[in-house]
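Trainee: This is the structure I want to talk about, given as structure tokens.
The values are calculated or read from the model by the stated rules, or taken from the named source; none is laboratory data. The structure displayed is predicted, hence computed values, not measured ones. Don't worry about glycine lacking a Cβ; one is built from the backbone with ideal geometry, like all the others, and counts go over all protein chains shown. Each accessible area value is taken on the protein alone, full model and side chains, heavy atoms only, with ligands, DNA and RNA left out. Shrake-Rupley method; radii C 1.70, N 1.55, O 1.52, S 1.80 Å.
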Amino acid sequence: MVANARPALRQDSRPDGVYTRDDHHGDSVLDADVVIVGSGAGGAALAAELAEGGLDVVVLEEGRYWSTRDFTANASQMIRQMYRDGGATMALGSPPVLYQEGRAVGGSTVVNGGMSWRTPEKILDRWWREAGLDGIRAADMEPYFERVERRIHVRTQDPESIGRDNQLLKIGADAKGWKVIPNLRNQVHCPGSNNCAFGCPTGAKQSALVSYVPRALHFGARLYSDVRVERITRSGKRATGVVGHVVRADGGRGHRLTVRAKLVVSACGAIHSPALLDRSGFRSPSGMVGKNLSLHPNVKLVAIFDEDVRGWEGVHQAYQVREFQDEGLLFAAVNIPPSIIAMTTSHTGRELGELMADYDKMVIAGMLCEDTNTGAVRTVAGQPQAFYQLSDFDADKLKRGCALLAEMMFEAGAKRIMLPFALGDHAGELRGPDDVRRIFADPVPKSSMEVVTVHMMGTARMGSDRTRAVTDGFGLVHDVDRLMVCDASLFPTPIGVNPMETIQALATRAAHHVLENPRRFS
Amino acid sequence: MSGYQHAPATRRVLDSLVPVVCPPEAVELGLVADIVDHVGLTMGALPGRFRGGLIMGLRTYDLGALIWPPGRLRPAHRLAPALAARYFDTWLHGPTPIHKQLALGIRQLIALAHYEQPVIQERMGYRPAQWIEQVKRRRLELYADDIERHARSLIEPDPLPGIAPHPRARTRTKGVA
């Protein structure tokens, strides 16, 4: 065993302070003030703030360290490299919900669309009122949001980066007289390469990889990639560190890594944080670890136009249609590579070829739904398995959303629309605006809905009452000393907008709390 | 990555499914082996138990054709193309959700692999790499100062309100991603 191993860096492109699987030559033990499991939105923001505050921070990340120049438009290769389980992770239910998690330094921020929205005021009010959280209302959170937005450079897009698919979405919304707004995105002059979901190849998107992680490293944090944490160690009711192992290139177990720390933070997302707590034997008096899973069910429809759209030329989601936000529905244009479109259609053979021949005429319009049901994450053989049943109410909401979206795209000039569900026994396809009513007239089997998500939330919810919530308002686990959760698990409810900025603002607030209370964590 | 490679029996079934799932160009352009190789890469990234289920499902699919009357005691990989398409359809609209999910999964893997082939993307005029290079260059030409300014700001001290810069705070200098 080597105490405080600081392996020599190889001379390559990695910044100082990043250690990969190649740097481990035996079992290691590290000491730190804080160990953070996960380097995504929450973990990286917390690491940067605490490191700047003078704490000795170790970040452990299961995924690899990739740099901007590694990111290409080779969608399937990027998915295999940076998505957990090759993107084939699924919440079981009817319909099953396919969900995606980034597994790389920077976490899901490396593969998300780069939408940066503050938590809506009504949601923060609800958290204050229902979860009894002090200091969480909009005015309280303002400085944290402002700080995050400065760090990740939240702006609207430069006009020249907006492609035809997004223009058509806006044309449709304007023609309907619906509220459509420019999207706020974490980017520095994003030129619209439209590769967000496979890693930004220009470095414009300010994922944690290129913003908070370099900042954390600059202030002395150490980041170990390729490390899978098995459990949190404890002494009585106090968390004392973590134990894990290096993930070998073939996926097998490599050397053991132990980190002893004064504060342990689980920041590995709403699927893996509850599993880590569970594997480590932490039982919440609330019984809510792994419960309360919400996930903003997403569906998309494919609108085919007569004109060339070339949806890959221009930014991902330049606008959001907010007309139906009060109903919990947001619409946006999201280009998807042909291989992924082909995967998700119901066509085969010659028919598939005929459909895909129109790929350059497609606008892919997606919808986010603020859900009303909750699911759960359970640990099966040490691994998390999500369960989620789409409620009839939310299924109806998705149908209504698709009808509205289809109306809007026909208004913009679409000639036909492929729906994300069957109409009766047939693939859902609309040939004109008059067809839209079929969405309500024909039976839509819920099991036929193609639902996906990237917004998993709520599985270690925060609240003042230890019998109803897993953590307090700063993410500190009730009834356990020195254990914090710092990711979307904390959300008491779904938020109805993209969650990254909320996670980062809560992480910043949690860091402030730790630094203001040094005795509690020393 | 698991280093997964198809067993010969798995490859045979997948070979026979490419003409069923993909447009005729897959066979016309001689892409069957490349598509099946690509399916192998994707399967290698899947969780082990998922991959195991898929392999077992492919085997069951292949042997299931033996008791499908029109198949006349032939496994799926030996069915003529038109018959193979009909047999696949019986799974796609299958008697149980398991049949259906397996057929859907196979279809997804093969369709993904087909449209990831460079020659297919080229035929479609889908050239994202060219676009990326073009806009990347333009961004650097137009906005170099702003980009540099933000990069500098990422390592400037900016302590949280009320938190004095800590004497133990260290700084490093080398590179960002």
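Trainee: Based on the Cβ-Cβ distance from A:ARG322 to B:LEU63, what FRET efficiency comes out when R0 is 60 Å, to the nearest 0.05?
Mentor: On the way: r = 53 Å, r/R0 = 0.89.
Computed FRET efficiency for A:ARG322 and B:LEU63 comes out at 0.65.
Trainee: Can you give the average number of partner chain beta-carbon atoms within 10 Å of each beta-carbon in peptide A:149-157, as a whole number? Before the final figure, lay out each step's value.
Mentor: Working: counts 0, 3, 4, 2, 6, 0, 0, 0, 0.
If you average over the peptide's residues, the count of other-chain Cβ atoms is 2.
Trainee: In addition: Please give me the summed charge of the neighbours of A:ASP434: other residues whose Cβ is under 15 Å from its Cβ, Lys and Arg +1, Asp and Glu -1.
Mentor: Numbers: positive: A:LYS415, A:ARG416, A:ARG431, A:ARG437, A:ARG438; negative: A:GLU407, A:GLU411, A:GLU429, A:ASP435, A:ASP442.
Summing Lys and Arg as +1 and Asp and Glu as -1 gives 0.
Trainee: Mean residue ellipticity at 222 nm from the helices of chain B, using -39,500 (n - 2.57) per DSSP H segment of n ≥ 4 over the full residue count, to the nearest 500 deg cm²/dmol?
Mentor: Working: 8 runs with 113 residues, N = 177.
Mean residue ellipticity, 222 nm, calculated: -20500 deg cm²/dmol.
Trainee: Quickly work out the B:GLN130-to-B:ASP158 label distance, labels modelled 7 Å from Cα along the C-beta direction, and quote it in nm with one decimal.
Mentor: Taking the simple label geometry, B:ASP158 and B:GLN130 are separated by 3.9 nm.
Trainee: Continuing with the same structure: With every protein chain left in place and a probe of 1.4 Å, what is the accessible surface of A:GLU411, to the nearest 10 Å²?
Mentor: Only protein atoms counted, so the area is about 100 Å².
Trainee: Something else: Taking the highest mean first, how do the peptides A:223-230, A:466-473 order by number of other beta carbon atoms within 10 angstrom per residue?
Mentor: Working: A:223-230: 23.1, A:466-473: 21.2.
Final packing ranking: A:223-230, A:466-473.
Trainee: Which order do you get for A:ASP56, A:ASP481 if you rank them by accessible area with a 1.4 Å probe, largest at the top?
Mentor: Working: A:ASP56 30, A:ASP481 60 Å².
So the residues, ranked largest to smallest area, are A:ASP481, A:ASP56.
Trainee: Also, I was wondering about something else. List the residues whose amide H sits under 5 Å from the amide H of A:ASP31, counting only those 5 or more places along or on another chain, with H placed 1.01 Å from N in the peptide plane.
Mentor: A:ASN4, A:ARG260
Trainee: For chain A, calculate the relative contact order in percent as a whole number, restricting contacts to Cα pairs under 8 Å that are 6 or more residues apart.
Mentor: 22 percent
Trainee: Further question: Under the classification rounded if a/c is under 1.5, otherwise prolate if a/b is larger than b/c and oblate if not, where does region B:36-81 fall, given a ≥ b ≥ c as square roots of the Cα gyration tensor eigenvalues?
Mentor: Judged from the Cα gyration tensor, region B:36-81 comes out oblate (a/c at least 1.5, b/c at or above a/b).
Trainee: From largest to smallest, what semi-axes in whole angstrom does region A:256-301 give when each is the square root of 5 times an eigenvalue of its alpha carbon gyration tensor? Walk me through the intermediate numbers first.
Mentor: Details: eigenvalues 148, 51, 15 Å².
For region A:256-301, the ellipsoid semi-axes come out as 27, 16, 9 Å.
Trainee: Report the accessible area of B:ARG138, computed with a 1.4 Å probe over the heavy atoms of all protein chains in place, in Å² rounded to the nearest 10.
Mentor: B:ARG138 exposes around 80 Å² with every protein chain in place.
Trainee: How large is ³J(HN,Hα), in whole Hz, for each residue of region A:431-448 in order, when computed from phi with the Karplus curve 6.51 cos²θ - 1.76 cosθ + 1.60 and θ = phi - 60°, using x for Gly and Pro?
Mentor: For region A:431-448, the Karplus-derived couplings read 9, x, x, 5, 6, 4, 5, 4, 4, 9, 7, 8, x, 10, x, 4, 5, 8 Hz, x marking Gly and Pro.
Trainee: Right, here's the next one. How charged is the neighbourhood of A:VAL229? Take every other residue with its Cβ under 10 Å from the Cβ of A:VAL229, and add Lys/Arg as +1 and Asp/Glu as -1.
Mentor: Taking every other residue near A:VAL229 into account, the sum is 0.
Trainee: Next question, about the same structure. With springs connecting C-alpha atoms under 10 Å apart, model chain B as a Gaussian network and identify which of B:LEU29, B:LEU92, B:LEU79 has the largest mean-square fluctuation.
Mentor: Checking each option, the largest mean-square fluctuation is seen for B:LEU29.
Trainee: So, one more: Using only the Cα atoms of region A:67-226, construct the convex hull and provide its projected area averaged over every direction, in square nanometres to one decimal. All intermediate terms of the calculation are to be shown ahead of the outcome.
Mentor: On the way: hull surface 52.9 nm².
That works out to 13.2 nm².
Trainee: Just to check I understand the Karplus step: with θ = phi - 60° and J = 6.51 cos²θ - 1.76 cosθ + 1.60, what whole-Hz values come out for region A:469-485, glycine and proline as x?
Mentor: Per residue, the Karplus-derived 3J(HN,Hα) values read 10, 7, 10, 7, x, 9, x, 7, 5, 4, 6, 10, 8, 6, 10, 10, 10 Hz.
Trainee: I would also like to ask the following. Starting from the Cα of B:LEU73, step 7 Å along the direction of its Cβ; do the same at A:THR467; then give the gap between the two resulting points in nm.
Mentor: Here the modelled spin labels are 7.2 nm apart.
Trainee: So what is the diffusion coefficient of the protein assembly as shown in µm² per second by Stokes-Einstein at 37 °C and 0.692 mPa s, using a Kirkwood Rh over Cα pairs?
Mentor: 127 µm²/s
Trainee: Moving on. In what order, largest first, do A:GLU61, A:GLU142 sit by accessible area if the probe radius is 1.4 Å? Spell out each step's value before the answer.
Mentor: Values: A:GLU61 15, A:GLU142 80 Å².
Solvent-accessible surface, decreasing: A:GLU142, A:GLU61.
Trainee: Within the set of other residues whose C-beta is less than 13 Å from the C-beta of A:GLN317, count the net charge using Lys and Arg as +1 and Asp and Glu as -1.
Mentor: Details: positive: A:LYS170, A:ARG185, A:LYS205, A:LYS300, A:ARG322; negative: A:ASP165.
Residues close to A:GLN317 contribute a combined charge of +4.
Trainee: Let me ask you something else. What fraction of the DSSP beta bridges in chain A is antiparallel, stated in percent and rounded to the nearest 5? Each step should come with its number before you reach the end.
Mentor: Details: 55 of 85 bridges.
Restricted to chain A, the bridges split so that about 65 percent are antiparallel.
Trainee: Please list the radius of gyration and Dmax for region B:8-124, considering alpha-carbon atoms only, with Å as the unit.
Mentor: Every Cα atom of region B:8-124 included, Rg and Dmax give 13.8, 42 Å.
Trainee: Quick one: 3J(HN,Hα) in Hz for region A:14-29, Karplus 6.51/-1.76/1.60 with θ = phi - 60°, rounded, Gly and Pro as x.
Mentor: Values per residue, Gly and Pro as x: 6, x, 4, x, 9, 10, 10, 4, 6, 8, 9, 10, x, 5, 9, 10 Hz.
Trainee: Once you charge only the Cβ atoms, +1 for Lys and Arg and -1 for Asp and Glu, what is the size of the charge dipole of the protein assembly as shown about its Cα centre, to the nearest 20 debye?
Mentor: 1900 debye
Trainee: Rg over Rh of region A:147-301, using C-alpha atoms and the Kirkwood radius, what does it come to? Please list the in-between numbers first.
Mentor: Details: Rg = 21.2 Å, Rh = 19.8 Å.
Ratio of gyration radius to Kirkwood radius: 1.07.
Trainee: Take peptide A:15-22, look around each residue's Cβ out to 10 angstrom, count Cβ atoms belonging to other protein chains, and average those counts.
Mentor: Working: counts 6, 5, 3, 3, 0, 0, 0, 0.
Whole-number average of other-chain Cβ neighbours for A:15-22 is 2.
Trainee: With every protein chain kept in place and ligands, DNA and RNA left out, what is the accessible area per residue of chain A? Probe 1.4 Å, answer in Å².
Mentor: On the way: 17080 Å² over 522 residues.
Roughly 33 Å² per residue, with all protein chains present.
Trainee: List the aspartates and glutamates whose Cα sits under 17 Å from the Cα of A:LYS446, skipping any in the same chain fewer than 8 residues away.
Mentor: A:ASP371, A:ASP392, A:ASP394, A:ASP396, A:ASP425, A:GLU429
Trainee: For region A:482-519 and region A:85-158, write down the distance between their C-alpha centroids in whole Å.
Mentor: 10 Å
Trainee: Taking the inverse of the average 1/r across all pairs of different Cα atoms in region A:209-291, what Kirkwood radius in Å do you get? Mind dumping the intermediate values first?
Mentor: Numbers: mean 1/r = 0.0694 Å⁻¹.
One over the average 1/r among Cα pairs gives 14.4 Å for region A:209-291.
Trainee: Between region A:320-387 and region B:38-116, what's the alpha-carbon centroid distance in Å?
Mentor: Cα centres, region A:320-387 to region B:38-116: 23 Å.
Trainee: Which is farthest toward the positive dipole end of the protein assembly as shown among B:LEU83, A:VAL264, B:GLN101, measuring Cα position about the Cα centre, with Cβ charges +1 (Lys, Arg) and -1 (Asp, Glu)?
Mentor: After comparing all options, I get A:VAL264.
Trainee: Related question: If you find the alpha carbon centre of region B:133-159 and of region A:439-475, how far apart are they in angstrom?
Mentor: Spelled out, the Cα-based centre of one part sits 37 Å from the other.
Trainee: Further, regarding this structure: If all Cα-Cα distances of region B:102-167 are sorted into 10 Å bins from 0 onward, what percent lands in each bin, rounded to whole numbers?
Mentor: 15, 20, 18, 18, 17, 11, 0
Trainee: 5 Å is the cut-off here: which amide hydrogens, built 1.01 Å from N in the peptide plane, fall below it relative to A:GLY192, excluding neighbours closer than 5 in sequence?
Mentor: Long-range HN contacts for A:GLY192: none found.
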